[in-house]
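The values are calculated or read from the model by the stated rules, or taken from the named source; none is laboratory data. Nothing here was measured: the structure is a model prediction, and the numbers come from that model. Neighbour counts are summed over all protein chains in view; Cβ atoms, including those assigned to glycine, are modelled from backbone coordinates with ideal geometry. Side chains included, ligands, DNA and RNA excluded: accessible areas come from the protein's heavy atoms. Shrake-Rupley method; radii C 1.70, N 1.55, O 1.52, S 1.80 Å.
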Amino acid sequence: PPAIFASTVNRAVLDLPWLDFAWFFPRRPHKLRTAPWSRLHGTLLEAGRGVEWGSKIELAMHTGNVGSTWRKRLAKVAEANPGEVLVNELFIGDHRKIQSTCEELNLHRAGGFQQHKCFMRFEQQCKYKYLLNSASIGYANKLKSLLLCGSVVIYVREGMRHREFYELGLMAGVHYVAVDTAADVPAMVRWLRRHDDYAKAVARAGRARMSSLDVGAVTDFLAELLRQY
């Protein structure tokens, strides 16, 4: 069959990588509280620059949906390792009733697993030294935002079958660090704490790579893809 445009690619298909909905969130307020890439890119770059490396909270943090099998495992790891991991569960249905950020409730440094109590803006996530990227029910699409924070992204490989177009230009150990399963996260956090210069270099490389992917670069990619097609 002819190739089709798809928001993610994997080894089983010959689809052409296109942009998914998360790049084009509406400018008006909506339940996910996420800005389109045209605004988010600059906002997160600025937020990342505004947080000194030494002042970042030394926890590996995930906030958002915890519905997938892999994120449920991550939540159990956080519950057992509050000194290294924080998982803040927040579903789309919570947005109307949860109006306070974790920082406002002083829950952002606690560690462990907390459910349906608070939310975090993307800018607030930049205050953590380590940010978690793990598999969702379909696919996870916030890696691009996490990398802009200037924090170390810990990429949990288990369950990650789908990749977006820009991920083909990223290298584990250079732009992010990778672990095989959620159970490996606490040990990776402890290792990164002992090797802080390396962690800082990875965080900088990830942010530098994604800083070049502004709206102009995305547009160039789409134009070239259409030409080649």
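If you go through segment 176-205, how many residues are in contact (Cβ under 8 Å) with a residue 60 or more places away in the chain and of a type outside the set (K, R)? Walk me through it before giving the result.
At the first step, the residues of segment 176-205 found to be in contact (Cβ under 8 Å) with a residue 60 or more places away in the chain are 181-183, 185-186, 188-190, 192-193, 199-200, 203.
When the remaining residues are screened for being of a type outside the set (K, R), the result is 181-183, 185-186, 188-189, 192, 199, 203.
Of the residues in that region, 10 qualify.
Can you work out which of the residues in segment 60-79 that are hydrophobic (A, V, I, L, M, F, W, C) and within 17 Å of V179 (Cβ to Cβ) is surrounded by the most Cβ atoms within 10 Å (Cβ to Cβ)? Don't jump to the end; show me each part of the working.
First, the residues of segment 60-79 that are hydrophobic (A, V, I, L, M, F, W, C): 60-61, 66, 70, 74-75, 77-78.
Okay, now just the ones that are also within 17 Å of V179 (Cβ to Cβ), so 60-61, 70, 74-75, 77-78.
Values: A60: 30, M61: 25, W70: 20, L74: 26, A75: 21, V77: 22, A78: 28.
It comes out as A60.
Scan A47, A60, A22 and give me the residue that is of a type outside the set (V, I, T), closer than 27 Å to L168 by Cβ, in contact (Cβ under 8 Å) with a residue 24 or more places away in the chain and not in a helix (DSSP H, G or I).
Values: A47 fails: not in a helix (DSSP H, G or I); A22 fails: not in a helix (DSSP H, G or I).
Unique residue meeting the criteria: A60.
Evaluate the following for R28: is it surrounded by fewer than 19 Cβ atoms within 10 Å (Cβ to Cβ), under 18 Å from the mean Cα position of the chain (by Cα) and modelled with pLDDT under 90?
Numbers: surrounded by fewer than 19 Cβ atoms within 10 Å (Cβ to Cβ): yes; under 18 Å from the mean Cα position of the chain (by Cα): no; modelled with pLDDT under 90: yes.
Spelling it out, it is not the case that R28 is surrounded by fewer than 19 Cβ atoms within 10 Å (Cβ to Cβ), under 18 Å from the mean Cα position of the chain (by Cα) and modelled with pLDDT under 90.
What are the residue pairs meeting all of these: first residue in segment 126-147, first residue more than 14 Å from V202 (Cβ to Cβ), second residue open to solvent by 10 Å² or more (accessible area, probe 1.4 Å) and among the β-branched types (V, I, T), Cβ atoms under 8 Å, and 6 or more apart or on different chains?
These pairs meet every condition: C126/V51; K127/V51; K127/I57; Y128/I57; Y139/T8.
Any residue that is in contact with a helix residue (DSSP H, G or I) (Cβ under 6 Å, 6 or more places away or on another chain), surrounded by 20 or more Cβ atoms within 10 Å (Cβ to Cβ) and more than 26 Å from M210 (Cβ to Cβ) - is there at least one of those in segment 80-88?
yes
Assess whether K97 counts as being out of contact with any helix residue (DSSP H, G or I) (no Cβ under 7 Å at 6 or more places or on another chain) and at pLDDT 95 or above.
Details: out of contact with any helix residue (DSSP H, G or I) (no Cβ under 7 Å at 6 or more places or on another chain): yes; at pLDDT 95 or above: no.
No.
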